[in-house]
Amino acid sequence: MEKKFVYADNAATTKVSKEVLDAMLPYFTEHYGNASSIYEMGRYAQKCIEQARETIANCIGCKPTELFFTSCGSESDNWAIKSTCERLALRGKKHIVTSVFEHHAVLHTCQALEKQGFEVTYVPIDEFGYVNPQDVADAIREDTAIVSIMFANNEIGTIQPIEEIAKICKEKKVLFHTDAVQAIGHVDINVKDLGIDMLSISGHKIHAQKGIGALYVKSGVPLLNFIHGGAQERNKRAGTENVPAIMGFAKAMEVACTNISERMSKITAKRNRLIDGLLTIPKSRLNGGRDNRLAGNCNVSIEGIEGESLLLMLDHYGICASSGSACTSGSLDPSHVLLALGLKHEVAHGSLRLSIDDSTSDDDIDYILEVVPKVVKRLREMSPVWEDMVKADPSLKY
Ligand SMILES: *Cc1c(COP(=O)(O)O)cnc(C)c1O
């Protein structure tokens, strides 16, 4: 077998595309003016930023004035939640509704607010990885300041019933924020049609560079200043604008939000072949439902092995993937997302996330399907857990 390089971790980050890089380059060495400067080069930078803002606003169906550039998706999440909570706490609203399987940018923000006296209700997910809108409705109280439910989950790719949740929030007159970092460019998103009040996006998950994001805030929703200083971003977020990153982000959004359904159906076909191939491994399961799932997301648990060991072996074969265990972050606990699905610790530990994109070829899928079962077999041969499983059920052979 010939060794290949297969990047299958697009949910972690993506490669900057050629067209994005080309869109950025002139802003490093040619049009490098400070957008706040009075002379022509500064005014030009300002004009370009506003064009980029308009491009991105068009992609999500909002007005340019409703869009604020940030440094990343995490900042957008922090800003939306902290600003709303700080503001509404003054009116006695000190309750947050979110879900158990949010990205840490939302979860840890909520936990920080809990330390400041906020109460948080974490709505559950079902065994397939979906939030039930009724649970959100039931969780909302008189003193709820904000509801924050992610558009699509980063680990298991499940796409949430955002329109229904937004409708409930509107009826109950509570602001609704959604972390759409994984969903953008993979799902058609129009914030007006969906009734979303605040939405977070990030560049590096859609082939722009790391370190650029945006927050949409519906006009009329007050937003507190996040970074104090200069007058950038309509006085809400100080700091000299990262013009090349903004230009690249706009290009990436333009590309990612074009022909979504056509592109996604191609990726889905490859993804399904990947899932079906991996599920031929005995004692494996798909995490998260297959319908309403991000096209490129495959997340399986394989019993009797350790996710980290699997990743190291895959790396040896040139495959970049990710696991549901969080050992790298200094914690031995398996992913909160997989546990929220109801997986046992030992099953969650043997998880593998492969996230493919437009550039993943059929050969890449074949290669993954050749390597993973082979590696799993090797790891199981060394695994005392698997030995016990075979003792308990001698029909298990792998
Ligand atoms: C990657 C990610 C983030 C964080 O975005 P950064 O730009 O890396 O800060 C937030 N939420 C979700 C769902 C993500 O996948």
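The values are calculated or read from the model by the stated rules, or taken from the named source; none is laboratory data. For clarity, every value in this text was computed on a predicted model and none was experimentally measured. Every residue, glycine among them, receives a Cβ derived from its backbone with ideal geometry; neighbour counts consider all protein chains shown.
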Residue in the range 132-139 that is within 28 Å of Gly92 (Cα to Cα), among the polar types (S, T, N, Q), at pLDDT 95 or above and surrounded by fewer than 24 Cβ atoms within 10 Å (Cβ to Cβ) present: yes
Per-region count, the range 122-144, residues of a type in the set (A, V, I, L, M) and under 17 Å from Arg293 (Cα atoms): 2
Residue, farthest from the ligand (Cβ to nearest atom), within the range 74-103, restricted to residues that are touching a helix residue (DSSP H, G or I) at 6+ places or on another chain (Cβ under 6 Å) and in a helix (DSSP H, G or I): Cys85
Subset of the range 277-316 [surrounded by 23 or more Cβ atoms within 10 Å (Cβ to Cβ), in contact with a strand residue (DSSP E or B) (Cβ under 7 Å, 6 or more places away or on another chain), over 14 Å from Ile368 (Cβ atoms) and not polar (S, T, N, Q)]: Gly288, Arg293, Leu294, Gly307
Scope the range 1-34; condition among the charged types (D, E, K, R) and over 23 Å from Ser74 (Cα atoms); matching residues: Glu2, Lys3, Lys4, Lys18, Glu19, Asp22, Glu30
Contacts under 8 angstrom Cβ, first residue in the range 209-221 being of a type in the set (A, V, I, L, M, F, W, C), partner near the ligand (Cβ under 10 Å from one of its atoms) and in a loop (DSSP other than H, G, I, E, B), 6 or more apart: Ile212/Ser71; Ile212/Cys72; Ile212/Gly203; Ile212/His204
Selection count, the range 341-360, where residues are aliphatic (A, V, I, L, M) and not in a loop (DSSP other than H, G, I, E, B): 4
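Do we find that Asn242 is closer than 20 Å to Thr55 by Cβ, out of contact with any Lys or Arg (no Cβ under 9 Å at 6 or more places or on another chain) and surrounded by fewer than 17 Cβ atoms within 10 Å (Cβ to Cβ) in this structure?
Details: closer than 20 Å to Thr55 by Cβ: yes; out of contact with any Lys or Arg (no Cβ under 9 Å at 6 or more places or on another chain): yes; surrounded by fewer than 17 Cβ atoms within 10 Å (Cβ to Cβ): no.
Spelling it out, it is not the case that Asn242 is closer than 20 Å to Thr55 by Cβ, out of contact with any Lys or Arg (no Cβ under 9 Å at 6 or more places or on another chain) and surrounded by fewer than 17 Cβ atoms within 10 Å (Cβ to Cβ).
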In the range 1-19, residue surrounded by the most Cβ atoms within 10 Å (Cβ to Cβ) [restricted to those that are hydroxyl-bearing (Ser, Thr, Tyr) and either within 16 Å of the ligand (Cβ to nearest atom) or not in a loop (DSSP other than H, G, I, E, B) (or both)]: Thr14
Filter result (over 15 Å from Thr84 (Cα atoms), within 14 Å of the ligand (Cβ to nearest atom) and among the β-branched types (Val, Ile, Thr)) within the range 150-198: Ile156, Thr158, Ile159, Ile162, Val181, Ile184, Val187, Ile189
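Identify, please: which residue in the range 104-148 is within 18 Å of the chain's Cα centre (by Cα) and farther than 19 Å from Asn287 by Cβ and is, among those, nearest to the ligand (Cβ to nearest atom)? Please lay out each step first, then the result.
Initially, the range 104-148 is screened for residues within 18 Å of the chain's Cα centre (by Cα), giving 104-110, 125, 128-131, 147-148.
When the remaining residues are screened for being farther than 19 Å from Asn287 by Cβ, the result is 105-106, 108-110, 147-148.
Numbers: Ala105: 4, Val106: 7, His108: 11, Thr109: 11, Cys110: 13, Val147: 16, Ser148: 11 Å.
Among those residues, the one meeting the criterion is Ala105.
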Close pairs (6 angstrom Cβ cut-off, 6 or more residues apart or separate chains): within 24 Å of Val255 (Cα to Cα) in the range 17-40, among the small types (Gly, Ala, Ser) and in a loop (DSSP other than H, G, I, E, B) anywhere: Val20/Ala208
Contacts under 7 angstrom Cβ, first residue in the range 141-154 being in contact (Cβ under 8 Å) with a residue 12 or more places away in the chain and within 13 Å of Gly92 (Cα to Cα), partner away from the ligand (no atom under 11 Å from the Cβ) and of a type in the set (S, T, N, Q), 6 or more apart: Ala145/Thr84; Ile146/Thr84
Complete set of residues in the range 182-194 that are touching a Cys at 6+ places or on another chain (Cβ under 8 Å) and more than 20 Å from Ala295 (Cα to Cα): Val191, Lys192
Options Ile246, Ile260; residue that is modelled with pLDDT of 95 or more, among the aliphatic types (A, V, I, L, M), more than 16 Å from the ligand (Cβ to nearest atom) and touching a strand residue (DSSP E or B) at 6+ places or on another chain (Cβ under 8 Å): Ile260
Pick from the range 76-105, criterion of a type in the set (D, E, K, R) and crowded, with 22+ Cβ neighbours inside 10 Å, ranking: farthest from Gly195 (Cα to Cα): Glu102
Selection count where residues are within 11 Å of the ligand (Cβ to nearest atom), within 16 Å of Asn154 (Cα to Cα) and in contact with a helix residue (DSSP H, G or I) (Cβ under 8 Å, 6 or more places away or on another chain), scope the range 199-214: 6
First in the range 345-357 and without any contact (Cβ under 8 Å) to a residue 40 or more places away in the chain, second anywhere and part of a helix (DSSP H, G or I) and surrounded by fewer than 24 Cβ atoms within 10 Å (Cβ to Cβ), Cβ under 8 Å, 6 or more apart: His345/Leu339
